[in-house]
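Enquirer: Would you mind keeping the following structure in view while I ask a few things?
The values are calculated or read from the model by the stated rules, or taken from the named source; none is laboratory data. This one's a predicted model, so the numbers in the text were calculated from it and none came from an experiment. Don't worry about glycine lacking a Cβ; one is built from the backbone with ideal geometry, like all the others, and counts go over all protein chains shown. What goes into the accessible areas is simple: the full protein's heavy atoms, side chains included, and nothing from ligands, DNA or RNA. Shrake-Rupley method; radii C 1.70, N 1.55, O 1.52, S 1.80 Å.
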Amino acid sequence: MGEAPAAGGATSAPVSGQPPAMAFAGEPIPLARPMLGAAEEEAVLEVLRSGRLSLGPRQEEFQRAFAARVGARFASAVSSGTAGLHLALRAIGLEEGDEVVTTPFSFVASANAVLYERARPVFADIDPLTLNIDPQAAEAAVSARTRGLLPVHIFGYPADLQALEGLAARTGAGIVEDACEALGAEHADGRPVGGRGHPAVFAFYANKQLTTGEGGMVACDHEAVRERIESERNQGRARDLDWLDHDRLGFNYRLSEIACAIGLAQLARLEETLAARGIVPARYREALAGIEGLQLPCPDAGGNRRGWFVFVVQLPHGADRHETIRALAARGIQSKPYLPAIHLMSFYRERFGHRAGEFPVCEDVAARSLALPFFPDMDEGQVARVAEGLRATLER
């Protein structure tokens with residue numbers, strides 16, 4: 001969920017109305033960049049030397065360590081966050097014809113995973129401050145066919161699980177948390193995102209707080225859910241892992257030993273990485289202060305704590321986002337529209353008849369959102385360059 005280029009430089013093409021002579025000076029600033037080092041290299045080499053490349057001891061160790069970090073009883077490694085969402089939805093009993101209430105402001109995988117089971121994602125508008133699903137809108141979207149609630153902790157900010165848990169209790173719906181962007185986040189009661197007992201899905205794409213390149217994890221507290229997920233990720237193999245018997249439909253959603261080894265190395269310094277990621281937003285807030293109409297990510301409030309994933313601003317109303325991106329690129333700064341409204345994507349419009357105006361808060365936010373460069377080792381000078389470029393572009 002929420003994927004973006006992991007690294008790479010921006011182009012230096014001139015912006016309309018700007019002469020080529022205004023090409024940027026200095027190194028390009030990428031949108032994202034993973035923190036990888038000697039520990040990850042050695043971990044990979046150890047797996048290669050062992051000859052055990054799948055379903056081995058690193059997977060078991062990674063799962064145990066991850067579950068402990070997020071406060072869950074169990075964690076099951078999978079090939080991607082999308083795979084984890086698919087398996088988690090199946091584990092709560094999602095079937096053809098069911099409905100899942102979710103947010104239209106997310107990476108498309110959260111809605112796609114519902115369709116894999118021939119169920120229907122039913123969208124509910126978002127809170128204009130947190131950008132997470134609005135619990136009142138979610139309640140209004142519930143019907144007799146609602147089987148699940150799928151909140152997304154968007155951009156790492158915790159969704160209002162307490163309100164959604166109340167809704168689930170009243171309706172009998174199961175909850176699957178899309179925590180793919182929220183590793184390190186905490187709820188107001190101090191519990192880590194992923195530690196409330198529901199199936200909670202994390203992703204390890206290259207721009208995430210922890211990366212294995214590709215990969216994911218499903219955290220949960222129920223043995224039956226864990227057993228089903230671990231069978232179905234491995235072709236429906238029987239509980240004793242007897243390859244001669246597959247007692248249910250399954251998929252190839254395994255995570256390799258190489259990826260798990262990288263994950264263990266990343267997990268060992270996760271707190272350091274989270275701390276580094278937390279410094280960059282503070283620098284941005286100071287550097288971007290005073291730009292009229294520019295909305296910054298909401299600050300932590302009420303005891304909720306964000307797990308910083310990306311730094312997404314909302315441009316002032318009337319600003320040309322396309323030209324803003326072009327102008328930043330001319331200065332060697334990558335940026336990206338982040339995220340489009342799912343219900344207005346061509347597939348969802350054609351499949352379900354969605355139209356503009358259905359979810360006005362989401363549509364306004366999606367039309368103005370812009371992801372700025374964000375990575376743990378981003379220094380003050382890079383933040384200043386981005387802020388200077390954005391300010392110059394918006395104020396000209």
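Enquirer: Can you give the relative contact order of the chain as a percent, counting alpha carbon pairs under 8 Å and 6+ residues apart?
Expert: Here the relative contact order equals 24 percent.
Enquirer: Do any GluC sites (Glu not before Pro) in region 91-134 lie in a loop, going by DSSP, with at most 15 other beta-carbon atoms within 10 Å of their beta carbon, and if so which?
Expert: For GluC sites (Glu not before Pro) across region 91-134 that sit outside H, G, I, E and B with at most 15 neighbouring Cβ atoms in 10 Å, the list reads Glu95, Glu96.
Enquirer: Okay, moving on. In region 258-344, if the dipole is taken from +1 on Lys/Arg beta carbons and -1 on Asp/Glu beta carbons about the Cα centre, which of Ala319, Tyr284, Gly332 is farthest to the positive end?
Expert: Gly332
Enquirer: Moving to a separate point now. Whole-Hz Karplus ³J(HN,Hα) for region 99-112, in order, using 6.51 cos²θ - 1.76 cosθ + 1.60 and θ = phi - 60°, x for Gly and Pro?
Expert: After applying 6.51 cos²θ - 1.76 cosθ + 1.60, I find 10, 10, 7, 8, 9, x, 9, 6, 5, 4, 4, 5, 7, 4 Hz.
Enquirer: OK, next. Which value results for Rg/Rh of region 242-396 when Rg is the Cα radius of gyration and Rh the Kirkwood radius based on the inverse mean 1/r?
Expert: With Rg and the Kirkwood Rh in hand, the quotient comes to 1.09.
Enquirer: Put +1 on the Cβ of every Lys and Arg and -1 on every Asp and Glu Cβ in region 140-253; which of Ala159, Val176, Val142 then has its Cα farthest towards the positive end of the dipole?
Expert: Checked the options; the winner is Val142.
Enquirer: Just going by the charge dipole of region 31-150, with Lys and Arg at +1 and Asp and Glu at -1 on Cβ, which of Leu53, Phe123, Leu36 is farthest out on the positive end?
Expert: Going by the charge dipole, the pick is Leu53.
Enquirer: Which sequence of Met378, Met35 reflects their accessible areas, 1.4 Å probe, from the largest down?
Expert: Final ranking, largest accessible area leading: Met35, Met378.
Enquirer: Using the Cα centre of the chain as the reference point, and only Cβ charges (+1 on K/R, -1 on D/E), how large is the resulting charge dipole? Debye, rounded to the nearest 20.
Expert: Computed about the Cα centre, the dipole is about 400 debye.
Enquirer: To continue, here is another question. Would you mind pulling out the separation of the Cα centroids of region 356-396 and region 150-171, in Å?
Expert: 26
Enquirer: If you build the convex hull over the alpha carbons only and average its shadow over all orientations, what do you get for region 104-210? Give it in nm² to one decimal.
Expert: Computed as one quarter of the Cα hull surface, the answer is 6.7 nm².
Enquirer: For region 139-259, what is the accessible area per residue in Å² when the probe is 1.4 Å?
Expert: Spelled out: the 1.4 Å probe surface of region 139-259, per residue, equals 37 Å².
Enquirer: Considering only DSSP beta bridges with both partners in the chain, what is the antiparallel share in %, to the nearest 5?
Expert: 60
Enquirer: Now for a different question. Could you check how much of the accessible area of region 273-362 is carbon and sulfur, as a whole percent, using a 1.4 Å probe?
Expert: For region 273-362, the apolar C and S fraction of the accessible surface comes to 53 percent.
Enquirer: Assuming 0.36 nm per residue, please report the length gained on full extension of the stretch Leu53 to Asp379 beyond their Cα-Cα distance.
Expert: Result for the pair: 113.7 nm of gain on full extension.
Enquirer: Do the sum for the chain: with -39,500 (n - 2.57) for every DSSP H run of n ≥ 4, divided by all residues, what is the mean residue ellipticity at 222 nm, to the nearest 500 deg cm²/dmol?
Expert: My calculation for the chain gives -11000 deg cm²/dmol from helical runs alone.
Enquirer: Taking the structure as given and computing P(r) over Cα pairs in 10 Å bins from 0, in percent, which label from [x] 4, 19, 25, 24, 17, 9, 3, 0, 0; [y] 5, 23, 31, 25, 13, 3, 0; [z] 5, 24, 36, 27, 8, 1, 0 fits?
Expert: [y]
Enquirer: Report the chymotrypsin sites (Phe, Trp or Tyr not before Pro) located in region 178-255 that are in a DSSP loop and have at most 12 other Cβ atoms inside 10 Å of their Cβ, or state none.
Expert: Counting only loop positions with at most 12 other Cβ atoms within 10 Å, the chymotrypsin sites (Phe, Trp or Tyr not before Pro) in region 178-255 are Trp243.
Enquirer: May I ask you to list the trypsin sites (Lys or Arg not before Pro) in region 72-180 that are in a DSSP loop and have at most 16 other Cβ atoms within 10 Å of their Cβ?
Expert: Those satisfying the criteria are Arg73, Arg118, Arg145.
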